[in-house]
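A short write-up of the structure that comes next.
The values are calculated or read from the model by the stated rules, or taken from the named source; none is laboratory data. For clarity, every value in this text was computed on a predicted model and none was experimentally measured. Cβ placement follows ideal geometry from the backbone for every residue including glycine, while neighbour counts extend to all protein chains displayed.
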Protein chains: 2
Amino acid sequence: MKTILSACLSATAALAVLSLPVAAAAQSRSTAAVIEDFQPSSLNQPGQDYPQVNSQGYVRFRVHAPGAEQVRATLGLGGEGGTQLHKVGDGYWEGTSSGPLDEGFHYYHLDIDGAVFNDPGTLNFYGSTRWESGIEVPAHDADFYAVKDVPHGQVRQVLFPSPSTDQHRRAFVYTPPGYDRDPTARYPVLYLQHGWGEDETAWSVQGHANLIMDNLIAEGDALPFIIVMTYGMTNVVRPGAPGGLSSFDIAPFETVLTRELIPYIDSHFRTLPDADHRAMAGLSMGGFETKLITTRNPDLFNYIGLLSGGTFSPDDIAATPQFRDKVKLFFVSYGSRELERRNTAPPGMAAFDPVGNAEGLTAMGVNNVFYVSPDTAHEFLSWRRSLREMAPLLFRD
Amino acid sequence: MKTILSACLSATAALAVLSLPVAAAAQSRSTAAVIEDFQPSSLNQPGQDYPQVNSQGYVRFRVHAPGAEQVRATLGLGGEGGTQLHKVGDGYWEGTSSGPLDEGFHYYHLDIDGAVFNDPGTLNFYGSTRWESGIEVPAHDADFYAVKDVPHGQVRQVLFPSPSTDQHRRAFVYTPPGYDRDPTARYPVLYLQHGWGEDETAWSVQGHANLIMDNLIAEGDALPFIIVMTYGMTNVVRPGAPGGLSSFDIAPFETVLTRELIPYIDSHFRTLPDADHRAMAGLSMGGFETKLITTRNPDLFNYIGLLSGGTFSPDDIAATPQFRDKVKLFFVSYGSRELERRNTAPPGMAAFDPVGNAEGLTAMGVNNVFYVSPDTAHEFLSWRRSLREMAPLLFRD
């Protein structure tokens, strides 16, 4: 009942929120003067001064390319192809975005006379099936994923045998603070998937999943649980090359996850190995995978989350009768700008009406929560916030 | 006695080895035709065909840079400034090293008309205080760090409180296979340091320390122990910017390691918290740090390793009388090409005579092993092999 109520409230709040950010963003983009308080991005390589971000969210790039004719950063406002840089002497190029960017993490790269390179100033993050430059526009609510003086869990790299792919595969496993203290305690597990073009590093690096959980647990807002993150793009077009969404076949990843990884985790970690203590969630393509795998394996997961990755409609629930009686939570979220644009539904998804679907599920008496991240798009701040909203609801029944 | 004997044998073998690689390398570089069996480097980004390596160790680069006037990869034979690439159509540049490179891992980057960028084809690795491109020339003995069907340990990212630097700092902790199985078992610990310009990721990524240990343990060649890897360049020239070697002050890192990290590890992992079960080793600058810290804290570590990072001389031992009676092993190693060139002794080190020093220690009855990695320079294959040689000798007494 608590979650049903909160679902209604969340859906209502989301609709209220939806009317605000467009106007606010448009106003700030057209009228604000650029404040010269730029600071190096928190994601810069050690000792690198650029790129920089100011208090309004403008981004300033500075790149050394003495022989270049044209330098562009692919990050900027929509429709402008990014930010053009101009020569400023000594072989350097500089440019400032034509408006403030959304808060949070953004991927980008440089275009140097038609060639794609990363910005030597920043750390690299795996997105778009390549290691990309990244920049962080500080969010006003960044405190929830800050490194605080609280007990910290661990992020463990494990190699698990995968006979179906004839290799050992990598997963990262978040174990909550105190996991090693009591050798008899057992924990629920969330299987958490990245998006298309990302990999198993995304949730703990770009996503700060470990810090979000450390902080929620320290505040008593979430139960301690394990998170397992592995690579979900098992469909390849040729050895080593990730496949596209249009040719996506869920079977290979479903096999890795349900036949190989889950048994490995249950035998190598102190889990509570049943559906009441197992969740699956994913962002974007990871949500698409989550919906497919949980639907095809209704006995495995009793908590399900789709983050910018589709929704469950009343028809979906009706088509999977086991869901209605046993699934404890359907969590669906989007960034508000995704709902404004309504153009990001993954191919093959049902009609894109997440608000209507949430209301329909609630009317059916199905436990569901619909969350909208204010003023964010199909990017990682939406998903950090979604994890913050979803984690406290998991494994409560 | 066993280790003393093996020290003598190792030193003798090293001297024998020293006379071989120069001639062999010179011959292959001048007379061999390039065999067209190039394959993508194992360190390429997913789906990337270049750079490539052939069976002789030649490296071929291919980069898309349609507007460039000159493209160079900084990797090649000494004195030639790397490999010049030439236009091959469609905006691509290609070039092959003028000779075979040493086996193992190499850092490099691209110079595009005087600008420094990474090769978009490869993964990035932190070296030279920046994330660099990397390439792997398959080693004939690469089997010892291959991913095999053996039990695998974990590499755990931990955040430990560091009051002296007013932050939580990151360490990676290798726990051996089976660590989680018996909650009463306790393990020795090796503190293992990276080199100048690298960071705490180096040993488990470039170094494959986890795989080397998994394989040694599976074969029964090493006792299972924990390895702790953290960032050793605590001297900074300004916030976030690593300092140079010339201004190096060991005190800040010594404080982090001995007052903060060791107590954290001993309280959060099941260690055997005494000097007989604690080792410190490091490569290059990490060896320099190891010598300083073990000398200043003779009660903490009874196993010491310097990998391409200086040696202990008879005078050093005489100046630290506690060492002679209690240290169970001094392990010193170099790549054979370092001994050929004799130009890589870190500043401030004693006279560079590792062979003479090893013989002097042996004559004093001090347990020591001197290992020389055949046909490698100041690079990671020397250090992978050094770990393989050192690990079986640790914690045996």
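With respect to (1) without any contact (Cβ under 8 Å) to a residue 40 or more places away in the chain; (2) within 14 Å of another protein chain (Cβ to nearest Cβ); (3) surrounded by fewer than 20 Cβ atoms within 10 Å (Cβ to Cβ), the lone exception for B:ALA142 is condition (2). May I ask you to list the residues in the stretch B:268-302 that are farther than 17 Å from B:THR230 by Cα, among the charged types (D, E, K, R) and touching a residue at least 24 places away in the same chain (Cβ under 8 Å)? Selection gives B:ARG270, B:ASP276, B:ARG296, B:ASP299. Residue count for the stretch B:145-183 under the criterion of being closer than 21 Å to A:PRO183 by Cα, surrounded by fewer than 16 Cβ atoms within 10 Å (Cβ to Cβ) and free of Cβ contacts under 8 Å to residues at least 24 places away in the same chain: the result is 2.
Meeting the requirement of 1 or more residues that are closer than 17 Å to B:ASP274 by Cβ and either of a type in the set (Asp, Glu) or modelled with pLDDT under 95 (or both), the helices (runs of 4 or more DSSP H) wholly within the stretch B:285-335 are B:321-326.
Exactly one residue out of A:SER41, A:SER98, A:SER55, A:SER133 is more than 26 Å from B:GLY91 (Cα to Cα) and crowded, with 24+ Cβ neighbours inside 10 Å: that is A:SER41.
Sort out which residues of the stretch B:83-127 are of a type in the set (Ser, Thr, Tyr) and within 22 Å of A:ALA65 (Cβ to Cβ), and write them in order of number. It would help to see each step written out before you state the result.
Of the stretch B:83-127, the ones of a type in the set (Ser, Thr, Tyr) are B:83, B:92, B:96-98, B:107-108, B:122, B:126.
Hits for the stretch B:83-127 are B:THR83, B:TYR92, B:TYR107, B:TYR108, B:THR122.
The set of residues from the stretch B:105-120 being over 10 Å from B:ILE135 (Cα atoms) and either at the interface with another protein chain (Cβ under 7 Å from one of its Cβ atoms) or of a type in the set (A, V, I, L, M, F, W, C) (or both) comprises B:LEU110, B:ILE112, B:ASP113, B:GLY114, B:ALA115, B:VAL116, B:PHE117, B:ASN118, B:PRO120. Identify the residue in the stretch A:324-342 that is surrounded by 15 or more Cβ atoms within 10 Å (Cβ to Cβ) and free of Cβ contacts under 8 Å to residues at least 40 places away in the same chain and, among all such residues, is nearest to A:PRO354 (Cα to Cα). Step by step, filter the stretch A:324-342, then rank; the result is A:VAL332.
The residues of the stretch B:380-389 that are surrounded by fewer than 24 Cβ atoms within 10 Å (Cβ to Cβ) and either in contact with a strand residue (DSSP E or B) (Cβ under 6 Å, 6 or more places away or on another chain) or assigned to a loop (DSSP other than H, G, I, E, B) (or both) amount to a single one, B:GLU389.
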